[in-house]
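One structure is given below, encoded as structure tokens.
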Amino acid sequence: MTVSEPTAPEHEPESSFDIVVVGGGQAGLAMGSFLKEHGRSFLILEAGSVASAWRERWESLTLFTPRRYSSLPGFPFPGDPDGYPTRDEVVAYLEEYGRRFEHLIEEHAPVRSLTAEEGRMVLEVDGRTITADQVVVATGPFQSPYVPEVAERLAPDVFQTHATGYRKPSDIPEGTVIVVGGGNTGFQIAKELSATHRVVLAVGSRQKPLPQRLLGRDLFWWLTTSRLFNTTVESRLGRRLSTRDTLIGSSPRELRRRYGVELKARVVDANERTVRFEDGGKLEVDAVIWATGYHPDYSWIHLPICDEQGRLGHRRGVTEVPGLYFLGLTWQHTRGSALIGWVKDDAEFIAGEITKLQERRREPAAARQTERV
């Protein structure tokens, strides 16, 4: 019997597109909708599966935006328009939305680097190269989970997880649980855990509680009807609002009275099983859930996109690098920029900017062709 020599794996050929969208969540899908509408050659690259950020949230998560305000372009969110979709409903909705793009979405394709060469964008995707005239980074605000250094001082037998790793109360060991972080995520997880655990919530900053419903109407009806949601980050009011955290459908008073959750000040230190607070108090804990948010991670982008303080530089998602855009950022333009029902507004704007740049680039080429004739 003759044993043949193993053949080397074939590498996929270089691919070229007008536009590449990085990220297959709500922002990337909204962007794809406008690009398809304009007849552009594009590809959506997703590191995991469509809606991967939503799959990583806890099982009982429910949106605080009703279904009528949770739709992407051209596809209403199914179900009661005044009801609130669950995590699994959002995942199913985005999966269905993604099917309209057929072969235009490539899943499990993490982008390892983004550079520019001779006027084109160059993306390295696990051993192969993809080039594009323009790139939209639609990875959203939930990128690298942030856990403070104090977590390292807790004993190994104290259960710890970031909110992105929390799924359900039965996964958390018995005893005292401290949820660190006073945003909507921290409050919602504390409420759920209170049915089965002793729960303490540590809040590091003050938030403005807003009711889910007011005078029989949902909060988002009031925000859209009053046009407050149209306030831009460049306005005086927008700059003020963008630095304030809001609680929707929750309040410290409700958490104490209805759910029996004890509120504590900011966590400043820890030792073994003891957590210490800013006001001098301390608490022995069995588990910690860090609802402390996320850090952006653009280390894979090797282009001048950040200022000296490391902040991303852009105007409504348009950067100083020609042909490079961002989409789905918190307060990218308005309060709704990172929300599923409003990301389409920025996507439509960026689609227009993409078209303008393509037309500007065509003009010199057309002029050169005319000169030759």
5 Å is the cut-off here: which amide hydrogens, built 1.01 Å from N in the peptide plane, fall below it relative to Val261, excluding neighbours closer than 5 in sequence? Arg256
Cα-only Rg/Rh for the stretch 21-72 with Kirkwood Rh rounds to 1.04
Degrees, to the nearest 10: 184-193 long Cα axis against longest axis of the chain: 50 degrees
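By the gyration tensor of its Cα atoms, with a ≥ b ≥ c the square roots of the eigenvalues, what is the shape of the stretch 210-351: rounded for a/c under 1.5, prolate for a/b over b/c, or oblate? Mind showing how you got there, number by number?
On the way: a/c = 2.78, a/b = 1.34, b/c = 2.08.
Cα axes put the stretch 210-351 in the oblate bin.
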Sketch the reach of a paramagnetic label on Arg99 as a point 7 Å from Cα along Cα-to-Cβ, and name the residues of the stretch 56-77 whose backbone nitrogen lies under 19 Å away. 71-77
Quick check: pseudo-label points 7 Å beyond the Cα along Cα→Cβ at Glu152 and Arg55, how many nm apart are they? 3.2 nm
Please list, ordered by chain and number, the residues whose modelled amide H lies under 5 Å from the amide H of Phe17; skip anything fewer than 5 residues away on the same chain. Thr131, Ala132, Asp133
The chain, dipole about Cα centre (Lys/Arg Cβ +1, Asp/Glu Cβ -1), debye to the nearest 20: 2020 debye
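Stretch Phe75-Glu278 to full length: gain in nm at 0.36 nm per residue minus the Cα-Cα span?
Numbers: separation 203, 0.36 × 203 = 73.08 nm, distance 4.77 nm.
Result for the pair: 68.3 nm of gain on full extension.
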Could you work out, for the stretch 267-350, what percent of all Cα-Cα pairs fall into each 5 Å distance bin, beginning at 0 Å and stopping at the bin that holds the largest distance? 3, 11, 17, 15, 12, 8, 9, 12, 9, 5, 1
The stretch 78-93 and the stretch 127-200 have their Cα centres apart by a whole-number Å value of 23 Å
What does the stretch 317-368 give for Rg and for Dmax, in Å, if only its C-alpha atoms count? 13.6, 45
Sequence gap at least 6, Cα distance under 8 Å: using those rules, report the relative contact order of the chain to the nearest whole percent. 21 percent
Among the lysines, which have Cα under 21 Å from the Cα of Lys168 when same-chain residues fewer than 8 positions away are ignored? Lys191
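Readers should treat all values here as calculations from the given coordinates under stated rules, not as data from a laboratory. Only a predicted model underlies this, so the values are computations on that prediction, with no experimental measurement involved. Using ideal geometry, Cβ is built from the backbone for each residue, glycine included, and neighbour counts are taken over all protein chains shown.
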